[in-house]
Amino acid sequence: MSDVPPSSSSMEALTHTMEQISVAPTTGESDQNKQEQSAQKPAAEQKVTPWEVEGQVTETGERLGIDYDKLISQFGTRPIDAALLERFQEVTGHEPHILLRRGMFFSHR
């Protein structure tokens, strides 16, 4: 950017443009509804790669957590649930690993 001040004609054009922009008054209730709707709309989808993990970001800039159900469908895996852990114990004769029992892993192929 230069240190030269803007010309008066460009300042007048900017002022004129700003005066033409009008915002209609709204009630607080509709503002709240708009904020709730915008909070639900994703500005950026979640991104999961071997190098990066980013949750979904709303239009307001709020970061949401990872949607594990979406990851399961995206990568074609199956959830690790209590029935699977019981089957594992029946087949192997051993309790599943402590990290599996505590839910540290959420899906498998």
Residues with amide H under 5 Å from that of Gln46, placed H, sequence gap 5 or more
Gln56
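Restricting to DSSP loop positions (anything but H, G, I, E, B) with no more than 13 other Cβ atoms inside 10 Å of their own Cβ, which chymotrypsin sites (Phe, Trp or Tyr not before Pro) remain in the stretch 59-109?
In loop regions of the stretch 59-109 (DSSP not H, G, I, E or B), the sparsely surrounded chymotrypsin sites (Phe, Trp or Tyr not before Pro) are Phe105.
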Where the accessible area of the stretch 70-109 is counted over protein heavy atoms with a 1.4 Å probe, how much of it, in %, is carbon and sulfur?
56 percent
Under 5 Å from the placed amide H of Ile80, counting only residues 5+ away or on other chains, we find Ser107, His108
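The values are calculated or read from the model by the stated rules, or taken from the named source; none is laboratory data. Only a predicted model underlies this, so the values are computations on that prediction, with no experimental measurement involved. Please note: Cβ atoms are built from the backbone with ideal geometry, for glycine as well, and neighbour counts cover all protein chains shown. Protein only, heavy atoms only, side chains kept; ligands, DNA and RNA dropped before computing areas. Shrake-Rupley method; radii C 1.70, N 1.55, O 1.52, S 1.80 Å.
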